[in-house]
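Beneath this line is the structure, given in structure tokens, with notes to follow.
The values are calculated or read from the model by the stated rules, or taken from the named source; none is laboratory data. Please read all numbers here as calculations on a predicted model, not as lab measurements. Because the Cβ atoms are built from the backbone with ideal geometry, glycine has one as well, and the counts that use them run over all protein chains shown.
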Amino acid sequence: MKFWQQKTIVLTLITVIGLLLAVATVAAQSTETQGKLAGAVYTDVNGDGVCVGTGVAGENPVPGVEIVFVSSDKATVISLTTGSDGTYGLAAAGQSIWEVTARPDASKWIVTSKNPLYVPVLPDTGLVQTDVNFCISQGGANAVIVLPQSGAAATNNLPMGVLVTAVLGVLIVLAGVALEWRRRKVAG
């Protein structure tokens with residue numbers, strides 16, 4: 001076996017090992033820790049937008065209210081309904097800034113609290129977010145609704161695994177080009 005053939009085999013093995021390490025790195029980083037969102041919907045008797053821990057009689061949990069969750073990349077949309085005790089929960093929520101919207105029956109209720117809510121489920125802000133609560137008041141479709149300002153901060157963080165994979169991919173292509181060039185030079 002010629003020297004250049006031995007060198008080619010060694011370079012190929014190094015390239016394959018590098019590729020396997022890159023795939024393992026991406027796989028390890030893609031198993032992100034999941035979070036949780038939970039809260040409740042309460043009756044807002046006096047319509048002031050505050051309904052939790054106020055001491056106002058009648059500000060009770062409301063069952064059967066639709067809650068919609070949308071991830072910041074808009075790729076995940078989940079709809080749940082509050083339980084008999086007015087609570088809801090999204091277990092295993094992916095890391096995102098979630099847009100959480102209460103959608104009660106518009107013929108009977110209006111939302112008096114901020115709606116939608118933007119809830120970060122991220123390692124630096126906390127993966128478990130509870131007390132994501134909404135207040136609704138009886139009023140129906142003819143009530144005046146003041147909509148909150150919408151929008152959440154965008155994140156442009158490129159995952160490290162993607163960057164490592166891209167760099168290794170370029171290196172593999174360059175190594176292949178160099179090996180082919182050398183093969184043709186020796187053969188020619």
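Restricting attention to the stretch 21-44, does a residue exist that is outside any strand (DSSP E or B), in contact with an Asp or Glu (Cβ under 9 Å, 6 or more places away or on another chain) and either modelled with pLDDT of 85 or more or not polar (S, T, N, Q) (or both)? Yes - at least one qualifying residue is present in the stretch 21-44.
The residue pairs whose first member lies in the stretch 177-188 and is among the β-branched types (Val, Ile, Thr), whose second member is not in a helix (DSSP H, G or I), and whose beta carbons are closer than 9 Å, counting only pairs six or more residues apart or on different chains, are Val186/Lys2.
Step by step: first the residues of the stretch 93-126, then only those that are among the acidic types (Asp, Glu) and under 20 Å from Gly35 (Cβ atoms), then the one that is modelled with the lowest pLDDT. Which residue is that?
Our first condition is that a residue be among the acidic types (Asp, Glu); within the stretch 93-126, this holds for 99, 105, 124.
Those left that are additionally under 20 Å from Gly35 (Cβ atoms): 99, 124.
Values: Glu99: 93, Asp124: 84.
So, considering only residues that are among the acidic types (Asp, Glu) and under 20 Å from Gly35 (Cβ atoms), the one modelled with the lowest pLDDT is Asp124.
Restricted to the stretch 74-124, and to residues there that are part of a loop (DSSP other than H, G, I, E, B) and of a type in the set (D, E, K, R), the residue that is nearest to the chain's Cα centre (by Cα) is Lys74.
How many residues does the stretch 125-144 contain that are assigned to a strand (DSSP E or B) and crowded, with 16+ Cβ neighbours inside 10 Å? Working first, answer last.
Initial filter on the stretch 125-144 (assigned to a strand (DSSP E or B)): 126, 128-129, 134-138.
Then keep just the ones that are crowded, with 16+ Cβ neighbours inside 10 Å; that gives 129, 134-137.
So the count comes out to 5.
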